[in-house]
Amino acid sequence: MKKIIIALNLSLIFCLGAMAQQLKTVALDSTVSVQLPSDFKKMDTLGQQTYTAGTAFGYVIVNRAPNPQNKTLTNEKDLQNVFKEYIRKVQTSLSDGTISKEHDTIVNKLMVHDFMLQTDTGAGVQLRQFRILYTKPATYTFQYLYDEMRKDVSAKEMNDFFKSIKVADDVRGTDQYTTFGQAQGMSTPLKMGIIGGILLIVVLVLVLTRRRKTLTY
C-alpha cells in the first residue's frame with residue numbers, strides 16, 4: 001500500500017511539474033539553439049555565455065565558449081582529443097566524481113560527446129549528464145543535473161532537454177575538423193581484415209599444393 005501511495009505521489013508531482021514548466025527556445029548564436037525554462041538566467045563573462053535554470057525535477061546549465069581563432073582541428077582524432085581534454089578538466093575540478101557512460105552521438109550531422117558525472121554531496125548522490133558540441137567558432141556544453149532519487153521522474157525531462165538542442169542546417173562536419181568526409185586511409189579493423197584474408201589465401205594455397213604432391217606420389 002505504501003509503495004502505491006509513493007507511486008501516485010510521484011505521478012502527481014510529475015504531472016504538476018510538467019504543467020507548470022514553460023519552455024522557451026533560446027538561440028545561443030546563429031548556429032545552435034536549445035529549449036530552456038522561460039525564467040532562465042544568463043551571465044556573460046569575457047565573451048563566454050552561461051545559461052542556468054531550475055527545472056521541474058533538476059537543473060540545467062548551458063555554456064558557450066568561443067574557441068581561439070588560430071585553433072583548427074584537422075581530423076577526428078583532434079576532435080576526440082577536445083572531448084578528452086574537457087572530461088579531464090571536469091575530473092580535475094571534481095576529483096571525487098566518477099565519469100561513466102561515455103559515448104559519441106550525432107546531432108544534425110555533427111558529432112557530439114556524452115558522458116555522466118556522479119558525485120556524492122553528503123546529502124545524497126547527484127548525477128550530471130553532459131553533452132559537448134564543438135564547432136570551429138565555439139564549444140557548447142549542456143548539463144542536466146538531478147538527484148539520484150529523482151532518476152525515474154526526471155528521465156523524460158532530461159531526454160527532452162537534450163533533444164531540444166538544434167544546429168543550423170548549413171553546418172557540416174567540416175565545421176568541426178577540416179578533413180571531414182575525406183579518405184583518411186584504411187581503418188585498423190579494415191587492415192586486420194585484409195591481412196587476415198591474405199593469410200587465409202596463403203594457407204589454402206599451401207594446403208592444396210601439399211595435397212597435389214601427395215596425390216602425385
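The values are calculated or read from the model by the stated rules, or taken from the named source; none is laboratory data. Keep in mind that this is a model prediction, so the values were computed, not measured. Quick reminder, even Gly has a Cβ in these numbers, built from the backbone with ideal geometry, and neighbours come from all protein chains shown. With ligands, DNA and RNA removed, areas are computed over all heavy atoms of the protein, side chains included. Shrake-Rupley method; radii C 1.70, N 1.55, O 1.52, S 1.80 Å.
Miscellaneous remarks
- Total residues in the range 89-102, condition surrounded by 12 or more Cβ atoms within 10 Å (Cβ to Cβ) and assigned to a helix (DSSP H, G or I): 2
- Selection count, the range 30-57, where residues are assigned to a loop (DSSP other than H, G, I, E, B) and free of Cβ contacts under 8 Å to residues at least 12 places away in the same chain: 1
- Hey, residue 42 open to solvent by 50 Å² or more (accessible area, probe 1.4 Å) and within 18 Å of the chain's Cα centre (by Cα) or not: no
Every residue, every condition in (1) among the aromatic types (Phe, Trp, Tyr); (2) under 30 Å from residue 172 (Cβ atoms); (3) not in a helix (DSSP H, G or I), yes or no:
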| site | (1), (2), (3) |
| --- | --- |
| 104 | no, yes, yes |
| 113 | no, yes, yes |
| 116 | no, yes, yes |
| 127 | no, no, yes |
| 130 | yes, yes, yes |
| 139 | no, yes, yes |
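- Residue that is most open to solvent (accessible area, probe 1.4 Å) [pool: residues in the range 63-79 that are in contact with a strand residue (DSSP E or B) (Cβ under 8 Å, 6 or more places away or on another chain) and part of a loop (DSSP other than H, G, I, E, B)]: 67
- Test: residue in the range 45-52 that is surrounded by 15 or more Cβ atoms within 10 Å (Cβ to Cβ) and touching a Phe, Trp or Tyr at 6+ places or on another chain (Cβ under 7 Å): yes
- Residue within the range 111-120 that is among the hydroxyl-bearing types (Ser, Thr, Tyr) and either over 16 Å from residue 64 (Cβ atoms) or without any contact (Cβ under 8 Å) to a residue 24 or more places away in the chain (or both) present: yes
- Looking at 60, 82, just one residue is open to solvent by less than 60 Å² (accessible area, probe 1.4 Å) and either in contact (Cβ under 8 Å) with a residue 60 or more places away in the chain or over 19 Å from the mean Cα position of the chain (by Cα) (or both), and that residue is 60.
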